[in-house]
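Asker: I'd like to ask some things about the structure below.
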Amino acid sequence: MYRYYFSLALRSLRRNAVLSALMIAAIGVGIGASMTALTVFRAMSGDPIPAKSRQLFTPQIQIRGPNHPDSESEDGLPTAVSYSDAMAWMRARAATRQTATYATWLSVRPPDPKQKPLKTVVRVAYHDFFSMFTVPFKFGAPWTQADDDNRAAVVVLTRGVNDQLFGGVNSVGKTLRLDNETYTVVGVLNDWLPIPRFYDLQMVPFGESDRLLIPFTRAIDREMAVDGSTSCYDESGASFADMLKSNCIWLQFWVELPTPADVAKYRLYLGNYAAEQQRSGRFAWLPRTQLRDVREWLAYRHVVPNEVSLLLLLSFGFLMVCLLNAAGLLLAKLMSRAGDIGVRRALGAPRSAIFAQCLIETATIGLAGGVLGLTLTGLGLLAARSLLDADFVALTHLDWADVGIALGLAVAATLLAGLYPTWRAARVQPAWQLKAS
Amino acid sequence: MQILPILSAMRRNKVGAVLIALQIAVTLAILCNGLFIVQQRLALSHRPSGMVETDLFAIDNEWIGDPTDVSSRIRADLAALRALPGVVDAANTDQYPLTNSGWSEGIDLKADQQTRSAFMSLYMGDEHLIDTLGLRLVAGRNFEPSEILDRGSTDRVQPATIIVTRALADKLFPDGSALGRSIYVEGGKQPTQIVGIVERLQTPWTGTGGWQEKYFEFSVIEPYQFVDTGSWYLVRTKPGQLAAVMQSASKRLLELDRNRLLQKIEPVTDTRVSAYRDDRGLAVILAVVCAALVGVTACGIVGLTSYWVSQRRRQIGIRRALGATRGAILRYFQTENLLIATAGALVGIGLAIAVNLWMVTSFAMPRLSPVWAVLGALLVLVLGQLAVLWPALRAASVPPALATRSA
């Protein structure tokens, strides 16, 4: 029976070709616009590390007096930490794992002298970084606690750099010249690109950036400057060593706390730490502290640009217009067939049968609109990629979930729009229609 | 024109009329806000940077392997660049406008101040920087060669003299007495004297909302040669010689010293394009969405009115047979559409303002001027009239003889 209704629906689509085309086009355009915006939004607001986003936390401490809130954050807390706090937290080991991290620039002299030297962003971290963020390795392994302690000249390459410098072979044990010093390769990463790059939002959070990783202790020992912002609240002296002693904030700090009990304990630790800093005379106030997990941190730092939320909003308004449009046209289409419906009712079709038939016709239109919408979404993403900054949208692509969402949204929305027209059609009085014609 | 018969006919087609009115209302709300954002973004991307951007290019010069005598190497590079044929002037600096990456510091009016008087973006350069950028010095003087000292990115020092933008001078000294006054920069205790004021020099940040927009022209130039592992060389060429000089400059620099990486060589006009790429992209996307919206709404009106016309062919025939002119039938459908569109537009104006207010609070957008809402309303009324024209003309062409035939 449903197959028969479906063939009736197709026949009816052909009979009112212009009206049907208008409806399908309207739904397709609406779905295309809203899906384009939704795909970009989903990619940017996604969870970068779903398995652990509720176990990774970043602490904050109010390093500047209550009268001088940080203008960039809504609660006035600074969004980076100072070297002295980070080192105190590293030494305390109050969490299961912890790392301080920052980005720097280094020049790389390729092993092949024919290749041009390059400068690249280097991630500086402790060895816990890799296990905390479940960073996948292709060759080798992370450096060790001993390497951290010894400020070892070791480096982990991303897959892209390994391909570029070593032709993609296992380069573990080979050496690399970084800023005129020799580093030993201990590991090569597999593809790894958390979107957004939650662990250091000082950097552009989308797209590739960190290409090499070296131990934090080594970078500090060699006085490697931070690539990102350093905010100093008081006079910090002239040298790198002075900066390390100062209250300048420039580091990111992450801890892994697997259970709620660990989280509670760490909050307590932070509170005690703040109180102790006040007692020791470093602060005239009791510094507020805060502990946020990955998702809270991303929301707090407003990672998704306003433009993207704005486009999402407007495109769903657009979809609404398209649906109102489709509802009007469906009403016209179904009511223009009141005669046929009257005949069917007179021949004994119950209301439910008419309702089912009209609903299938509506769903067919929705499905066709959804397919058109998907095509338009593909085109829309291509257009967005060429119009907006590459980092923004280079990583957005249609996956099966998006296809499902688009088709489901199209059919559901069209059915919603078609509900009233269908109801009206099912209430056609057979006698009236037969008399009128 | 009699409105009552139209209204009573509309009562029999309530849902259709309400659907069109709603569609017009939502269309208007999106159109007003969308076009308002388009206009704002385009205005934003046309703000002058203070530089003369034509015939100017930038080189990102990065030294390889931490050399020790960067200061003398930079001075040698600058001398070589200035001596190249086609070059008007060249300078070395830590940042330049439109790059969205730079250095910011606080300014105080007194030493030991707790709250900063203003924030500013810090440009470093020698006496050639103003001419290279093409800035207009409106008061005071340029730096003397003897004032220029070396400074690295981690040095915490304060200069004896400084040049500020007019916007910053007015912010610090609203009475206009900035020239010759002393300020305290970078949280230091040493006074710094304002020796010059330039008309305009944007900070490197081009973002909207928040501090980026608020401090937009709060820039200073400090008399330092920026000596670090990497810096920007800016080169102004004679008109029309940009492309040739860009080639000869990179060749000359590599001849002087191969231990470097010219990470980027870019005309400043290109820097502007990439700085405002997202703003323009957003404007284009919104404009396309608005156009599609207008098309969809027009199609909806055409479709539904056509259906009404075909439904009422007999009644139209009867009216024609009773003496109604073609014009009367045409006006009937036009008036009907006007009534529906006006109702939709009134709801739409309210909706547009509500959407804007919501965006004001959640995205720090500026307020929509009512003029935009009224203009948008007029636009959708005209749109409605245009869309209804074709079905209305078809209605007007229904022959009076139709009344005599059975349907």
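Asker: From B:394, B:367, B:331, B:319, which residue is closer than 30 Å to residue B:290 by Cα, free of Cβ contacts under 8 Å to residues at least 40 places away in the same chain and either not assigned by TED's automatic domain parsing to the domain that holds residue B:35 or not hydrophobic (A, V, I, L, M, F, W, C) (or both)?
Answerer: Sole residue among the options that is closer than 30 Å to residue B:290 by Cα, free of Cβ contacts under 8 Å to residues at least 40 places away in the same chain and either not assigned by TED's automatic domain parsing to the domain that holds residue B:35 or not hydrophobic (A, V, I, L, M, F, W, C) (or both): B:367.
Asker: Additional query: Any idea which of A:243, A:224 is in a helix (DSSP H, G or I), within 14 Å of chain B (Cβ to nearest Cβ), closer than 17 Å to residue A:104 by Cα and not polar (S, T, N, Q)?
Answerer: Result: A:243 is the single residue among A:243, A:224 that is in a helix (DSSP H, G or I), within 14 Å of chain B (Cβ to nearest Cβ), closer than 17 Å to residue A:104 by Cα and not polar (S, T, N, Q).
Asker: Which count do you get for residues in segment B:150-196 that are within 14 Å of chain A (Cβ to nearest Cβ) and polar (S, T, N, Q)?
Answerer: Within segment B:150-196, residues that are within 14 Å of chain A (Cβ to nearest Cβ) and polar (S, T, N, Q) number 4.
Asker: Another one. Could you list, in sequence order, all residues of segment B:251-273 that are within 13 Å of chain A (Cβ to nearest Cβ), of a type outside the set (Lys, Arg) and in contact (Cβ under 8 Å) with a residue 60 or more places away in the chain?
Answerer: Within segment B:251-273, B:257, B:259, B:261, B:262, B:263 qualify.
Asker: Taking residue A:186 as the residue in question, decide whether it is more than 14 Å from chain B (Cβ to nearest Cβ), in contact (Cβ under 8 Å) with a residue 24 or more places away in the chain and in a loop (DSSP other than H, G, I, E, B).
Answerer: no
Asker: Right, next: It is to be established whether one or more residues within segment A:171-179 are farther than 20 Å from residue A:106 by Cα, touching a Lys or Arg at 6+ places or on another chain (Cβ under 7 Å) and not in a loop (DSSP other than H, G, I, E, B).
Answerer: no
Asker: Right, next: Quick check on my filter: what residues within segment A:137-194 are among the polar types (S, T, N, Q) and closer than 20 Å to residue A:116 by Cβ?
Answerer: Correct list: A:158, A:162, A:164, A:171, A:175, A:180, A:182.
Asker: Residues to consider are A:2, A:83; find the one that is more than 14 Å from chain B (Cβ to nearest Cβ) and touching a residue at least 60 places away in the same chain (Cβ under 8 Å).
Answerer: Matching residue, one of A:2, A:83: A:2.
Asker: With segment A:75-170 as the region, which strands (runs of 3 or more DSSP E) entirely inside it contain at least 3 residues that are more than 26 Å from the chain's Cα centre (by Cα)?
Answerer: A:97-109
Asker: Go through segment A:314-343 residue by residue and tally those that are touching a helix residue (DSSP H, G or I) at 6+ places or on another chain (Cβ under 8 Å) and either without any contact (Cβ under 8 Å) to a residue 40 or more places away in the chain or over 25 Å from residue B:312 (Cβ atoms) (or both).
Answerer: Final tally of qualifying residues: 11.
Asker: Considering only segment B:303-324, I want to know if a residue exists there that is within 14 Å of chain A (Cβ to nearest Cβ), buried (at least 20 other Cβ atoms within 10 Å of the Cβ) and among the β-branched types (Val, Ile, Thr).
Answerer: Yes, segment B:303-324 has at least one match.
Asker: To continue, here is another question. List every residue pair whose Cβ atoms sit under 7 Å apart, with the two residues 6 or more apart in sequence or on different chains, where the first one lies in segment B:109-133 and is farther than 17 Å from residue B:75 by Cβ and the second, anywhere, is of a type in the set (D, E, K, R) and in a strand (DSSP E or B).
Answerer: B:116/B:108; B:117/B:108; B:120/B:105; B:122/B:105; B:122/B:222; B:131/B:89
Results for (1) polar (S, T, N, Q); (2) out of contact with any Ser or Thr (no Cβ under 7 Å at 6 or more places or on another chain), shown as yes or no for each residue.
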residue: B:194; (1), (2): no, yes
residue: B:199; (1), (2): no, yes
residue: B:203; (1), (2): yes, no
residue: B:213; (1), (2): no, yes
residue: B:220; (1), (2): no, yes
residue: B:224; (1), (2): no, yes
residue: B:227; (1), (2): no, no
residue: B:240; (1), (2): no, yes
residue: B:245; (1), (2): no, no
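Asker: Hey, another quick one. Taking the residues in segment A:321-348 that are more than 10 Å from chain B (Cβ to nearest Cβ) and among the charged types (D, E, K, R) as candidates, determine which candidate is nearest to residue A:374 (Cα to Cα).
Answerer: A:337
Asker: I want to confirm something. Restricting to segment B:15-28 and keeping residues that are touching a residue at least 60 places away in the same chain (Cβ under 8 Å) and more than 7 Å from every other protein chain (Cβ to nearest Cβ), which single residue is nearest to residue A:424 (Cα to Cα)?
Answerer: The residue in question is B:17.
Asker: Can you spot a residue in segment A:303-320 that is within 14 Å of another protein chain (Cβ to nearest Cβ), closer than 20 Å to residue B:24 by Cα, of a type in the set (Gly, Ala, Ser) and over 32 Å from the mean Cα position of the chain (by Cα)?
Answerer: Checking segment A:303-320: not a single residue is within 14 Å of another protein chain (Cβ to nearest Cβ), closer than 20 Å to residue B:24 by Cα, of a type in the set (Gly, Ala, Ser) and over 32 Å from the mean Cα position of the chain (by Cα).
The values are calculated or read from the model by the stated rules, or taken from the named source; none is laboratory data. Since the structure is predicted, the reported quantities are computational estimates derived from the model, not experimental observations. Here Cβ is always computed from backbone atoms with ideal geometry, including for glycine, and neighbour counts include all displayed protein chains.
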